[in-house]
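Take a look at the structure set out below.
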Amino acid sequence: MLRFLQGYVRGTFGVPVWQTICRRADVPVETFEPMLRYAPGLADQVAAQAAAVLGRPVETIWEDLGTYLVTSPGHEGVRRLLRFGGIGYADFLHSLEELPGRARLALPDLDLPEIRLTEIAPDRFVLECGAGLRGTIRVLVGMLTAMADDFGTLCLIEAEGEGRIAIRILDRAHAAARPFDLALPEG
């Protein structure tokens with residue numbers, strides 16, 4: 001997660017801001033390697049310093065990271081991986097239980113916890129997520145929000161305490177969905 005946080009901050013706010021965050025977090029490096037494991041709690045420590053430097057709640061930093069992972073041109077693979085979940089947002093939600101396994105195929109350093117989706121009523125869902133980083137639920141909220149936009153669906157998505165997200169689809173055809181083809185364009 002540290003590599004993604006690094007990419008988000010550097011790409012959005014610049015290298016000097018990232019360097020300030022690293023100094024304040026008292027980390028020995030400014031570049032995190034995707035395949036390395038770091039000390040437990042380090043990602044939370046760095047995110048807390050990012051929140052302080054950027055003047056935002058740490059929850060917002062994590063949600064913005066989730067949005068960044070889906071919408072950044074450098075992460076088109078993440079969006080494609082998620083879009084394989086179905087033709088509509090509800091189909092996509094039902095595919096989320098398979099997400100940790102699929103994510104490891106594309107991003108070996110992303111260790112997502114177990115996910116369980118329950119449809120509690122038409123267009124109302126509860127997503128429960130196993131233990132992980134403190135920010136994991138908020139990263140998922142950001143990703144779910146970005147994917148709702150990708151599908152052209154208007155949703156209300158709220159983190160409900162530890163490990164639980166409530167999702168309510170308000171309008172399945174709120175806007176035009178972003179184009180998506182199973183095959184990558186040639187060229």
Condition met for ALA159 (at pLDDT 75 or above, touching a Ser or Thr at 6+ places or on another chain (Cβ under 7 Å) and under 27 Å from ILE61 (Cα atoms)): no
Exclusive hit being among the hydroxyl-bearing types (Ser, Thr, Tyr) and closer than 30 Å to LEU42 by Cα, set THR145, THR153, THR118: THR145
Those helices (runs of 4 or more DSSP H) lying entirely in region 74-138 with at least 3 residues modelled with pLDDT of 80 or more and surrounded by 16 or more Cβ atoms within 10 Å (Cβ to Cβ): 89-94
Tally of residues being touching a strand residue (DSSP E or B) at 6+ places or on another chain (Cβ under 7 Å) and either without any contact (Cβ under 8 Å) to a residue 12 or more places away in the chain or open to solvent by 60 Å² or more (accessible area, probe 1.4 Å) (or both) across region 139-170: 7
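The values are calculated or read from the model by the stated rules, or taken from the named source; none is laboratory data. The structure presented is a predicted model; accordingly, all values stated were derived computationally and were not measured. All Cβ positions, even for glycine, are placed from backbone atoms using ideal geometry, and neighbour counts span all protein chains on display. Remember, those area values only see protein heavy atoms, side chains included, never the ligands or the DNA or RNA. Shrake-Rupley method; radii C 1.70, N 1.55, O 1.52, S 1.80 Å.
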